[in-house]
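Taking it in order: structure first as structure tokens, then the write-up.
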Amino acid sequence: MYPVVGYSNYGLRNLLEHARSVETGCQQLKRKELSGLFLVLNVMLQSTTNEEPAVDQFELPPIVHSILELVCLGVIGAELALKLRWIGWKTILKHKRTMVKCITLVIMVIEAIAVLVRQSSHFRVTRALRPIFLVDTRACGGVRRYIRQILQSLPPIFDMLILLMFFVCSYAVLGYFLFSTHENVYFRTLSDSFVSMFVLLTTANFPDVMMPSYAVSRWSAVFFISYISTVLYVLMNLMLAVVYETFTGIEKHKFRKLLLHKRQACKLAFRLLVSRQHPNTVRFKQFHGLMKYYSPKTSQRDVLLIFRQLNVSNTGLLTQDEFLNIYDAVMLRWRLKDPPDPWFSAAWPPLRTLCRAARKLVSWEYFEYVIYILIIGNLLAMFLRVLESADDLEQGARLFCASWDSWLFYFLFLLEALLRIISFGWNEYISSGWNTFDLAVTLLAIWGSALLLMAPRFTVVVILRPLRILRLFKMKKRYRDIFGTLVLLSPLMWSTAIVMMVMYYFFAILGMELFSGYDLQRNSTLGDIHRRGINASTLISYYYLNNFSDLIVSGITLFELTVGNNWFIVMDIYAAVSASYSRLFFMTFYLFTMVVLTIVVASVLEAFRFRIQYKKQTSKRDEELMLHEEVVVDWSSLERQIADPKLLEAFQMDFAFGGVTSYIGRRTRNRDVLQRHMYITEITQWLQEAELEERLDVNQIIEEAQINARIV
């Protein structure tokens, strides 16, 4: 290990005091409180429902919504100014996201002032940039990382899109010269041919696009079959494979970069914590002071346990190699190894006897199977209730979830939950995700049945009774793997949902600015088939509802376009009432959704493959050893290590005075922990490469210093 520059305790104390003067604990508290306020204001800023074109119930005069917008922008501007004051105004030129946020803020302030002065709105496509403020909040850090991954995955997607569009254009030209003489309306011109082949990429117009030419010549089917086989079944799946490979590489690269970044940060922190008396080690006193700033909510007991867990050598002093694991150690959650007496040990004797009997019953090896039998019985009862005839929907709903058998199963499931709570206590009970799910579903089902008896029209509550059946899927390993994958994917799915909402908002604003002025129901340009009342016998007569009249309706229209079935009809309708180039809006939206959804599918595949490989390589015993750490604290060694009598007195509450106390630290089974286990070989190689690079850098610095000395 290379010698490091030692900093005295006085220098370290000055450094920490300077940091505290810049941002005191009061300021930290205010920032935490204001972060929620900024998020609320950002959400308010997104509500374009009161701006023209607005939802009828929420429409506000221009002067009102422009003032509200200026207030929100002012708060965001104040938050941005405070941030730049802390980190420096020159950050605007160095940090791209801050630069984009500042430029967007200035443009929106100017536009809001223009609306306030003119008392009327104008063509404001810049409203589509409002989600920038939402994504830049502290709560959306995962969303920003996911957007960064999408941007990093774009190069191979663009390569595949170029190849895809080459085939679309080639088949469009060939289709025009083959079928334009067949009186096929889909190939009358080159532009019609291109649009038809682009829509055929989604199979939304198949086989309609083929039938006119197929009626003339059966050989024309070869053209369409070859196109769909090449573009849809080969190129689209090849795109998914390329994106999956790229996404997997990005995940590994991100993990490697974060690991080395944390390692470098630990080295810098270690150099600040060492003293001249101990230039290569860190004492508990310095470590305890560091944890006050790094993790102020961590208790003193946990700080000591973290220090002991890091100190593998048991010397009472942390070396640099031991200190490098601090990020992992801080995530441990500690509890006593030997469980204390049950929570009911000091209760009233008759109650204690009852609780012991409940604990014995719940611990019975066949208790879980009894619960599964009850769930199956509930399923059979629901099946019989569905077969039973009812006079109307309300009576059928009451028979399904408010009959005597439903109340019987509700009581039994609630009794099961009470037995578990009495046996193990509330905290241990809710520590299990399945227990929390069971109790929540049971209480919701009881509430829904009671609501149905009081208000029979709320038939939607019938969905609450079957939810308990999901517990049966826990019995099969394949379903447990699926649920485990969903748990791993839950942060990613949240980020994906936000990204999709941002994309929908962006295109909804564009759609409203471009198409909100067209009334599809009364437009004479459209044929009668698209307008309800003229030919109401066809479902397509309701397509006038797919419009961009306000934000909510625009979002529903965009979702219909995402699904893909008959989406080209909406595109053709707006091309007929506006201009043919309006199809670019819909085609661009389809390409964006295709890219995002392809990345989502790739991420799901990668997460599922990662979990399956982890399960194959890790046994239950290995997983328990990986997720748990044991620390044994001897009081005599604690007295030798800690000189502060007040701190020792505080530790008497958590450690046996004059004896030995054992604690177990548990890691959360998240993706980062699993990656550390799966990439153990790669991590060793990455660390060796990093050490080699550091040595080369040190040697280069020494050589430059020697050269400069010779010159002098």
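The values are calculated or read from the model by the stated rules, or taken from the named source; none is laboratory data. Computed from a prediction, not measured in an experiment: that's the story for all the values here. As a convention, Cβ positions derive from the backbone with ideal geometry for all residues, glycine included, and neighbour counts pool all protein chains shown.
Observations, loosely collected:
- All of (1) in contact with a Leu (Cβ under 7 Å, 6 or more places away or on another chain); (2) in a helix (DSSP H, G or I) hold for R640 with one exception: (1).
- Test: residue in region 605-623 that is surrounded by 15 or more Cβ atoms within 10 Å (Cβ to Cβ), in contact with a strand residue (DSSP E or B) (Cβ under 6 Å, 6 or more places away or on another chain) and within 19 Å of W334 (Cα to Cα): no
- Selection from region 644-686 of residues that are part of a helix (DSSP H, G or I), loosely packed, with under 15 Cβ neighbours inside 10 Å and basic (K, R): K646
- Conditions (1) assigned to a helix (DSSP H, G or I); (2) at pLDDT 85 or above; (3) closer than 27 Å to V673 by Cα: number failed by Y293: (2)
- Residue in region 408-426 that is more than 26 Å from R352 (Cα to Cα), modelled with pLDDT of 90 or more and out of contact with any helix residue (DSSP H, G or I) (no Cβ under 6 Å at 6 or more places or on another chain) present: yes
- Of the residues in region 247-267, none is out of contact with any helix residue (DSSP H, G or I) (no Cβ under 7 Å at 6 or more places or on another chain), over 21 Å from A690 (Cβ atoms), surrounded by 15 or more Cβ atoms within 10 Å (Cβ to Cβ) and of a type in the set (S, T, N, Q).
- Residues located in region 641-665, provided they are under 22 Å from L318 (Cβ atoms) and either of a type outside the set (A, V, I, L, M) or under 37 Å from the mean Cα position of the chain (by Cα) (or both): Q641, D644, F651, D654, F655, T661, S662, Y663, I664, G665
Here's the yes/no breakdown for (1) over 22 Å from T598 (Cα atoms); (2) surrounded by fewer than 18 Cβ atoms within 10 Å (Cβ to Cβ); (3) outside the structural domain of V502 (by TED's automatic domain parsing):
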residue	(1), (2), (3)
F123	yes, yes, yes
A128	yes, no, yes
P131	yes, no, yes
S153	no, no, yes
F158	no, yes, yes
L161	no, yes, yes
F166	no, yes, yes
A172	yes, no, yes
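- Within region 94-121, if we keep just the residues that are in contact (Cβ under 8 Å) with a residue 40 or more places away in the chain and outside any helix (DSSP H, G or I), the residue that is surrounded by the most Cβ atoms within 10 Å (Cβ to Cβ) turns out to be S121.
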